[in-house]
1. To the nearest 0.05, how large is the calculated FRET efficiency for Asp81 and Lys262 if R₀ is 56 Å and r is the Cβ-Cβ distance?
2. Can you compute the modelled spin-label distance between Arg242 and Asp42, with each label point 7 Å from Cα toward Cβ, in nm?
3. So, with +1 on the Cβ of K and R and -1 on the Cβ of D and E, and no other charges, what is the size of the charge dipole of segment 136-259 about its Cα centre, to the nearest 20 debye?
4. Beta carbons within 10 angstrom, averaged per residue: use that to sort the peptides 331-343, 232-244, highest first.
5. If I take every Cα pair under 8 Å that is 6 or more residues apart in segment 264-372, average their sequence separation and divide by the length, what percent do I get for the relative contact order?
6. For the chain, calculate the relative contact order in percent as a whole number, restricting contacts to Cα pairs under 8 Å that are 6 or more residues apart.
7. What dipole magnitude, in Debye to the nearest 20, does the chain give about its Cα centre under +1 on Lys/Arg Cβ and -1 on Asp/Glu Cβ?
8. Go ahead and collect, in residue order, the members of segment 73-93 whose backbone nitrogen is under 17 Å from a label point 7 Å along the Cα-Cβ direction of Lys220.
Amino acid sequence: MQIVKKNILLNPGPATTTDSVKYAQVIPDICPREAEFGKLMDNVSTELTRLAAEAEHYTTVLFGGSGTAGVESILSSVVNDGSVLIINNGAYGKRMCEIAQTYGLNFVEFKSPPNNQIDLTALETLLQTSSCKFSHLAVVHNETTTGLLNDIEKIGKLCRKYQLDFIVDAMSSFGAIPIQMKEMNISFLGASSNKNVQGMAGIAFVIAEKGKLESLQKSKPRSYYLNLYAQYKYFAKTHQMRFTPPVQTLYALKQAIIELNKEGIMGRYERYAKSWETLITGLERLRLAYLVPKKHHSKIVTAVLEPDCYGYDFNQMHDYFYHKGFTIYPGKIESLKTFRIANIGDINYKDMEAFLELLEKYLINIGYFSRKGHDQ
Ligand SMILES: Cc1ncc(COP(=O)(O)O)c(C=O)c1O
C-alpha cells in the first residue's frame, strides 16, 4: 500500500483519515442494487447503531448527503402536530431553527450564550409557561462553533419529565464522546461519516428508536428525498437506500467503523483529549485566549480569539499553515472574532505540537509578542 501524503486537517471535519480508509474505496465496480452491497450497508447500519444503542430497538437510517441532510431529515419528518423547542447556542443550533423555518414547523427558539452552560431552570420554566404544545426538543451536543458541550443527559431527563421526543445533533461528538441513547432518552440522533468516525464525506445518518420511526407512518411527508420514514422502511425491506448511494464512501465507512471499534470510543476520546490538552497548554503559553471554559469544553474543537495585533490576517495565517500541510478553520460566531482548531481525525498530540511550533513562528513574524512579551 503506497503511503498517501498526510495533511493535518485541523478543521472540524472532514477529518484526516487513515490510508486504510482511503484505500478501502478502491474496489471493483459494483452496482449498489446487488445483494452483496446491501449486506455491506446492513453491516454499516448495524455497527453505527451499536455505537450508541442496542440494535434490537434502535436502527440507523443512511442517506447520501452531508450531515445537514440527516438533521434536516429528522426535523422535516418527525415534528407534526406539536411544536419543537430548539436550543440555539451556536451556528448549528441556529441552523436547526432555519431548517424548522424552511419547513414551516411550529418552533420556539431558546437562545443561550455560546460560551456557557444552558440555563436548565430557564429552559424548564419555558416548557412550563409557553402556550405552545411542545412535542419535541432539539439540541446540538457538541456545538462545533465553539466546542461547548451541551449536557444531553440532563436535557434528556427534562424531556422525559415533559414527555418530549428528544432530537440530538451529534455531528461532532458521535464516535468520540460516549452516547447512550436509551439512558439519555434520545429518540433521534443525527451524525455523519466524516468527523469523529474518520470516514469520507458523503453519508449522513440518523439513529432512531424503531418504535418512533414506525409511528411516522401516517405523517404527511414534507420532503421527498429526506423522508425519514420512507428511507427507513425501504431499507428494512430491501437493504437498499431509496436512491443511488455513495458506493465507495460506504466501503470507506465500513473500514472506518472497524478502526473505530478497534480503538474504542473511549480510546479515541483519550487520544483526542491529549491533543486538546497539548493545544490548550500551547495557546496559554502563546497568550492566546479561547472561548469556552475547560469545564464545559468538548475537547474536540476550540474557538480561539483572534490575536489582537496589527499584522494579523486570518487568510494570510491560513495560507501560511496550508502550505506547510496544516489546515485551520475560520470562526463562526457572529459577535466575536475567532478562528477554530479541531483535534479530530487520524492525528495525535505530536501533530498538535508541530502546529504550535509553527503558530509561534507565525506570531513572532507578525509582531504579536512585541507588545505582549513572550516566554521562550
Ligand atoms: C454540529 C453540526 N451540525 C451540523 C453540521 C453540518 O454538517 P455538514 O456540513 O456535513 O452538512 C456540522 C458540521 O460541521 C456540525 O458540526
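1. Working: r = 45 Å, r/R0 = 0.80.
Efficiency, rounded to the nearest 0.05: 0.80.
2. 2.2
3. Numbers: 15 positive and 9 negative charges, 117 e Å.
Dipole of segment 136-259, to the nearest 20 debye: 560 debye.
4. Working: 331-343: 18.9, 232-244: 15.6.
Result, highest mean first: 331-343, 232-244.
5. 34
6. On the way: 709 pairs, mean separation 93.5, N = 376.
Result for the chain is 25 percent.
7. On the way: 42 positive and 38 negative charges, 62 e Å.
Computed about the Cα centre, the dipole is about 300 debye.
8. 76-83
Every read-out reported here was derived from the displayed coordinates using simple, explicitly stated rules and does not represent laboratory data. From a predicted model like this one, the values you see are computed outputs, not experimental measurements. Glycine also receives a Cβ, built like all others from the backbone with ideal geometry; neighbour counts cover every protein chain displayed.
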